[in-house]
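Coordinate-derived values only; no laboratory data. Source: prediction; values computed, not measured. Ideal geometry is used to build each Cβ from the backbone, glycine not excepted, and the neighbour counts take in all protein chains shown.
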Amino acid sequence: MLLSVVLATKLSCTYEATSATLRNETDMRALLEFKSHITEDYLAIFDSWNGSPHFCHWHGVTCGIKHQRVTHLNLKGKRLAGSISPFIGNLSFLNSLDLSDNSFRGEIPE
Ligand SMILES: *[C@@H]1O[C@H](CO)[C@@H](O)[C@H](O)[C@H]1NC(C)=O
Ligand SMILES: *[C@@H]1O[C@H](CO)[C@@H](O)[C@H](O)[C@H]1NC(C)=O
């Protein structure tokens, strides 16, 4: 298990080096819109959420290795507050979303 995680990390680094341009603008925009609706971030989680490096390395974000699209977003228990941007509905490869133990308002879009 640990080995496969290490391997996956290595693989994704390799991919990233060769595909810095392969970032999907829709996913990036969705993440930045999500960030813009956060009103409290005591743990400075979103400091890593800016233009670079690739959004796949932003705190709480996991991407698929091959296509470099967001597959998991895990911000559980990060003491965040704000509303949930409808833009996260544009993360079309998202498999799991964990926003539990925070103070979010609003609905999770389809
Ligand atoms: C990014 O994702 C959107 C929605 O899934 C898709 O329409 C678009 O073609 C993708 N762009 C790239 C560069 O892959
Ligand atoms: C993403 O979602 C928002 C709100 O649901 C929408 O307005 C926007 O056009 C969508 N598409 C892209 C490419 O960001």
Applying the gyration tensor rule to the Cα atoms of the range 63-110 (axes a ≥ b ≥ c; rounded if a/c under 1.5, else prolate if a/b exceeds b/c, else oblate), the class is oblate
Computed label-point distance, nm, for sites SER103 and GLU40 using a 7 Å Cα→Cβ extension:
0.2 nm
Take the alpha carbon atoms of the range 32-58, find their center, do the same for the range 72-110, and report the distance between the two centers in whole angstrom.
13 Å
Multiplying the sequence separation of SER83 and ASN95 by 0.36 nm and subtracting their Cα-Cα distance, what value in nm do you get?
2.3 nm
Listed highest first by mean packing, meaning other Cβ atoms within 10 Å per residue, what order do 97-107, 29-39 come in?
29-39, 97-107
